[in-house]
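Trainee: So that we are looking at the same thing, I have put the structure below in structure tokens.
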Protein chains: 2
Amino acid sequence: MSATILDGRPLAKTIAEELATEVAEFKQKHGFTPAIAVVRVGEDPASVSYAKMIQKSFEKGGMGFGLHALPEAASEAEVLALVADLNADEDVHGIIIQEPLPKGIRPEVIVEAMSPDKDVDGVHPANAGRLAQVAPVGRPPGVSDYFVPATPAGGLEILKRHNVEIKGERAVVVGRSNIVGKPMALLLLREDATVTVCHSRTANLDAICREADILCAGVGRAQMIKGDWIKPGAVVIDFGFNQLGDKWVGDVDFEAAREVASMITPVPGGTGSMTNVMLMKNVLEAARRQAAR
Amino acid sequence: MSATILDGRPLAKTIAEELATEVAEFKQKHGFTPAIAVVRVGEDPASVSYAKMIQKSFEKGGMGFGLHALPEAASEAEVLALVADLNADEDVHGIIIQEPLPKGIRPEVIVEAMSPDKDVDGVHPANAGRLAQVAPVGRPPGVSDYFVPATPAGGLEILKRHNVEIKGERAVVVGRSNIVGKPMALLLLREDATVTVCHSRTANLDAICREADILCAGVGRAQMIKGDWIKPGAVVIDFGFNQLGDKWVGDVDFEAAREVASMITPVPGGTGSMTNVMLMKNVLEAARRQAAR
């Protein structure tokens, strides 16, 4: 048996088209353009290229984009002043603080200075906490509106658009980062999966992975998860994006895994393709909330 | 084999004595008394008796206590005004909002109105989020100071004071409430356990419980977890407190479980005994942070 490939690219394209229509309607109705502000301090190459990718998607989707780049030598106070300006700016609906920040600038201080209402990447503790506290789907949420980090939100979207049953299933999340592993675990819990979180200290990782009906990998180690770690018929969501020689691979050994899994995301072209459109979705949502206030 | 009984009462007494000494030193050094404000709307009997218990422990420990009881008919605006007063009051270091709140008062609005710096019960999303985002022990936390809900903090304290190995162990938490299950899961993850969260939609709950080296129950169903659901030698932390006929029992069938487990908390006298002292610890910590500002 060979797994269905959960190709993120056509799905991202579909969502981008849906969003373009919604954005156009929004602009007509409310007379302003949902816009993101990207804050960068220094010129980390990965941050530079990610910002360019955001710009391209936002402009293509008819949404606003502003880059606020401070020099590497900027002080924490300067970054805080910029964030305060962006919080107050009614034409900015979403803010992203690019990491890494230079030494001497405390990420948690900058992130907490952002208005949670503009934290479209879901990294402010208030948003992380609302996701941690939200009731399961179908019950009153019990928390205020919140944002979920774009990458795990994209992983969940892939599962939902392929009608993968989540409720009551065993999900295993390998990796506990704040932008992938932990929010993915909380999203799956919100969807009523029974969720196990694994990490570098986990013993018998292979056996635990084999328990998973839904296996999510977000560790950043090339092909670490082997084919025989996967339960036959499992659904595999690979958030990894690692350079191996001259190609990019995921955290899962794709060629071996596809022979065992029922569905699997490829790398590249899987979850990574979804991140940008999920971010756009969050910015449109932030603009909607502002319009409703 | 019969399990070691993890009696919370002598441990709570020890911690209360440690705290009384620390509080006396704090008062001498800083010239003010760490104090809690309890907010209640209406006269829910369980809330009334819990407030009395808090008062007794705080007064015994040399700490300040104030009850702010509003009538059942109070409006949300009145409750918010009270919370704003308490946020601004320098003589108040910790605030607890007792739930349930009367209909028409949105708990999430009241809770989010509290200053996270005074949220000694760890229920504000900013505190829940910092716990969700904190790095594992031994690494730079990456988040601001935070508070953990007293009940799971007490459960962890029991494990630590009995030198239970947590790192790399499999922990299963049954129940996903915001004041017990989810924060306990995040605490165990912070301590490097491999953590599974189970709940009402979990299939094969008995088999999953049997995977646990550390089994934590916080579901509120009398003796739901049977003796043969427990892995021989496991450590069992029971957060349940359920009336069964004329006695109080936990979520675990204690008599059966003690024959299988290596350690187990009794009910009553286990985790419940720890909650108050952990709350006192949080209030002292809040006062320390105020003194340091």
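Trainee: Output the residues belonging to the range B:259-286 that are closer than 27 Å to residue B:86 by Cβ, buried (at least 22 other Cβ atoms within 10 Å of the Cβ) and in contact with an Asp or Glu (Cβ under 8 Å, 6 or more places away or on another chain).
Mentor: Within the range B:259-286, B:274, B:278, B:279, B:282, B:286 qualify.
Trainee: Here's a follow-up. Could you list, in sequence order, the residues of the range A:114-137 that are over 16 Å from the mean Cα position of the chain (by Cα), more than 12 Å from residue B:126 (Cα to Cα) and aliphatic (A, V, I, L, M)?
Mentor: A:114, A:134, A:135, A:137, listed by residue number.
Trainee: So is residue A:289 surrounded by fewer than 24 Cβ atoms within 10 Å (Cβ to Cβ), at pLDDT below 95 and of a type outside the set (Val, Ile, Thr) or not? Lay out the reasoning, then the answer.
Mentor: Details: surrounded by fewer than 24 Cβ atoms within 10 Å (Cβ to Cβ): yes; at pLDDT below 95: no; of a type outside the set (Val, Ile, Thr): yes.
Considered against the rule, which asks whether it is surrounded by fewer than 24 Cβ atoms within 10 Å (Cβ to Cβ), at pLDDT below 95 and of a type outside the set (Val, Ile, Thr), residue A:289 comes out as no.
Trainee: Moving to a separate point now. Looking at (1) surrounded by 24 or more Cβ atoms within 10 Å (Cβ to Cβ); (2) over 19 Å from residue B:271 (Cα atoms), which one does residue B:203 not meet, given that it meets all the others?
Mentor: The number of the failed condition is (1).
Trainee: Going by what's in this entry, would residue B:221 be described as more than 21 Å from the chain's Cα centre (by Cα), farther than 30 Å from residue B:31 by Cα and either surrounded by fewer than 20 Cβ atoms within 10 Å (Cβ to Cβ) or among the acidic types (Asp, Glu) (or both)?
Mentor: Working: more than 21 Å from the chain's Cα centre (by Cα): no; farther than 30 Å from residue B:31 by Cα: yes; either surrounded by fewer than 20 Cβ atoms within 10 Å (Cβ to Cβ) or among the acidic types (Asp, Glu) (or both): yes.
Against the criterion (more than 21 Å from the chain's Cα centre (by Cα), farther than 30 Å from residue B:31 by Cα and either surrounded by fewer than 20 Cβ atoms within 10 Å (Cβ to Cβ) or among the acidic types (Asp, Glu) (or both)), residue B:221 does not qualify.
Trainee: Looking only at the range A:236-258, filter to residues that are in a strand (DSSP E or B) and not hydrophobic (A, V, I, L, M, F, W, C); which one of those is nearest to the chain's Cα centre (by Cα)?
Mentor: In this case the residue turns out to be A:238.
Trainee: Using the structure shown, decide if residue A:72 is in contact (Cβ under 8 Å) with a residue 24 or more places away in the chain and not assigned by TED's automatic domain parsing to the domain that holds residue A:161.
Mentor: For residue A:72, the condition - in contact (Cβ under 8 Å) with a residue 24 or more places away in the chain and not assigned by TED's automatic domain parsing to the domain that holds residue A:161 - is met.
For (1) surrounded by 13 or more Cβ atoms within 10 Å (Cβ to Cβ); (2) within 17 Å of the chain's Cα centre (by Cα); (3) among the β-branched types (Val, Ile, Thr), each residue gets a yes or a no:
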{"residue": "B:11", "(1), (2), (3)": "yes, yes, no"}
{"residue": "B:31", "(1), (2), (3)": "no, no, no"}
{"residue": "B:63", "(1), (2), (3)": "yes, no, no"}
{"residue": "B:73", "(1), (2), (3)": "no, no, no"}
{"residue": "B:87", "(1), (2), (3)": "yes, no, no"}
{"residue": "B:109", "(1), (2), (3)": "yes, no, yes"}
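Trainee: Right, next: For the range A:33-54, which residues satisfy the criterion of being surrounded by 12 or more Cβ atoms within 10 Å (Cβ to Cβ) and not in a helix (DSSP H, G or I)?
Mentor: A:33, A:34, A:35, A:36, A:37, A:38, A:39, A:40, A:41, A:42, A:44
Trainee: If we keep just the residues of the range B:153-190 that are among the acidic types (Asp, Glu) and within 12 Å of chain A (Cβ to nearest Cβ), which is nearest to residue B:15 (Cα to Cα)?
Mentor: Filtering the range B:153-190 for residues that are among the acidic types (Asp, Glu) and within 12 Å of chain A (Cβ to nearest Cβ), the one nearest to residue B:15 (Cα to Cα) comes out as B:165.
Trainee: Tally time: how many residues in the range B:191-210 are among the charged types (D, E, K, R), more than 7 Å from chain A (Cβ to nearest Cβ) and not in a helix (DSSP H, G or I)?
Mentor: Residues in the range B:191-210 being among the charged types (D, E, K, R), more than 7 Å from chain A (Cβ to nearest Cβ) and not in a helix (DSSP H, G or I): 2 in total.
Trainee: Would you say residue A:256 is among the aliphatic types (A, V, I, L, M) and either farther than 30 Å from residue A:93 by Cα or surrounded by 24 or more Cβ atoms within 10 Å (Cβ to Cβ) (or both)? Walk me through it before giving the result.
Mentor: Numbers: among the aliphatic types (A, V, I, L, M): yes; either farther than 30 Å from residue A:93 by Cα or surrounded by 24 or more Cβ atoms within 10 Å (Cβ to Cβ) (or both): yes.
In short, yes.
Trainee: Pairs under 9 Å by beta carbon, first residue touching a residue at least 60 places away in the same chain (Cβ under 8 Å) in the range A:241-253, partner surrounded by 15 or more Cβ atoms within 10 Å (Cβ to Cβ) and in a strand (DSSP E or B), six or more apart or different chains?
Mentor: Partner pairs satisfying both residue conditions: A:251/A:174; A:251/A:217; A:251/A:225; A:251/A:238; A:251/A:242.
Trainee: If you don't mind, another one. Just checking, how many residues over the range A:131-152 are facing chain B (nearest Cβ under 8 Å) and part of a helix (DSSP H, G or I)?
Mentor: 3
Trainee: Looking at the range A:13-29 only, could you name the residues that are over 21 Å from residue A:117 (Cβ atoms) and either of a type in the set (Ser, Thr, Tyr) or loosely packed, with under 14 Cβ neighbours inside 10 Å (or both)?
Mentor: Once the filter is applied, which keeps residues that are over 21 Å from residue A:117 (Cβ atoms) and either of a type in the set (Ser, Thr, Tyr) or loosely packed, with under 14 Cβ neighbours inside 10 Å (or both), the range A:13-29 yields A:13, A:14, A:17, A:18, A:21, A:24, A:25, A:28.
Trainee: For the range B:1-43, which residues satisfy the criterion of being touching a Pro at 6+ places or on another chain (Cβ under 6 Å) and either of a type outside the set (A, V, I, L, M) or closer than 16 Å to residue B:286 by Cα (or both)? Explain how you work it out, then say what you get.
Mentor: To start, the set of residues in the range B:1-43 that are touching a Pro at 6+ places or on another chain (Cβ under 6 Å) comprises B:5, B:41-42.
Selection gives B:42 alone.
Trainee: From the list A:220, A:233, A:269, which residue is in a loop (DSSP other than H, G, I, E, B), touching a residue at least 40 places away in the same chain (Cβ under 8 Å), within 26 Å of residue A:199 (Cβ to Cβ) and not hydrophobic (A, V, I, L, M, F, W, C)?
Mentor: It is A:220.
Trainee: What single numbered condition from (1) under 22 Å from residue A:34 (Cα atoms); (2) out of contact with any Gly (no Cβ under 6 Å at 6 or more places or on another chain); (3) surrounded by 15 or more Cβ atoms within 10 Å (Cβ to Cβ) fails to hold for residue A:120?
Mentor: (2)
Trainee: Right, next: Among (1) within 17 Å of residue A:140 (Cα to Cα); (2) in contact with a strand residue (DSSP E or B) (Cβ under 9 Å, 6 or more places away or on another chain); (3) not assigned by TED's automatic domain parsing to the domain that holds residue B:77, there is one condition residue B:121 misses while meeting the rest; what is its number?
Mentor: (1)
Trainee: Can you pull out the residues in the range A:102-113 that are of a type outside the set (D, E, K, R) and within 12 Å of chain B (Cβ to nearest Cβ)?
Mentor: A:107, A:109, A:110, A:111, A:113
Trainee: Name the pairs whose Cβ atoms lie under 8 Å apart, with the first residue in the range B:29-51 and more than 23 Å from residue B:273 (Cα to Cα), the second assigned to a strand (DSSP E or B) and hydrophobic (A, V, I, L, M, F, W, C), and 6 or more positions between them or separate chains?
Mentor: Sorted first by the residue in the range B:29-51, then by its partner, the pairs are B:41/B:69; B:41/B:70; B:42/B:70; B:43/B:69.
The values are calculated or read from the model by the stated rules, or taken from the named source; none is laboratory data. Predicted model, so just to flag it, every value in this text is computed and none were measured. Counting neighbours? That spans all protein chains shown, and the Cβs are built from the backbone with ideal geometry, glycine included.
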